[in-house]
Amino acid sequence: MDTRARAARASVILDDEVFKDAVAKIERTLIGEWKISPDAQSRETCWHKINALYAVLEELKAIVDSDKIENN
């Protein structure tokens, strides 16, 4: 798959309302769990999960941005 097609698919995913809702729900859940975590290990686990979620979002955004840079 070429860069333009990958960027188009990544953009569709990022703009999808179901995807956005799922990401928001996961984020809220993890932050809620983090706030009530009974110990440092539980908080750290939540932190790693939140960062993994953000890494997925950043990678999708990077794919879109890469195409913008490449085709301008």
* Quick check: anything in region 37-60 in contact with a Ser or Thr (Cβ under 9 Å, 6 or more places away or on another chain), at pLDDT 95 or above and not in a helix (DSSP H, G or I)? -> yes
Residue pairs qualifying under the 9 Å Cβ cut-off, at least six apart or on distinct chains, with the first in region 48-68 being of a type in the set (Gly, Ala, Ser) and the second being open to solvent by less than 30 Å² (accessible area, probe 1.4 Å) and assigned to a helix (DSSP H, G or I), are Ala62/Ala10; Ser66/Ala7
Picking from Glu17, Glu58, the residue that is open to solvent by 50 Å² or more (accessible area, probe 1.4 Å) and within 10 Å of the chain's Cα centre (by Cα) would be Glu58
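The values are calculated or read from the model by the stated rules, or taken from the named source; none is laboratory data. If you're wondering where the values come from, they're calculated on a predicted model, not measured in any experiment. Positions of Cβ are backbone-derived with ideal geometry, glycine not excepted, and every protein chain shown enters the neighbour counts. Surface accessibility is based on the protein's heavy atoms, side chains included, excluding ligands, DNA and RNA. Shrake-Rupley method; radii C 1.70, N 1.55, O 1.52, S 1.80 Å.
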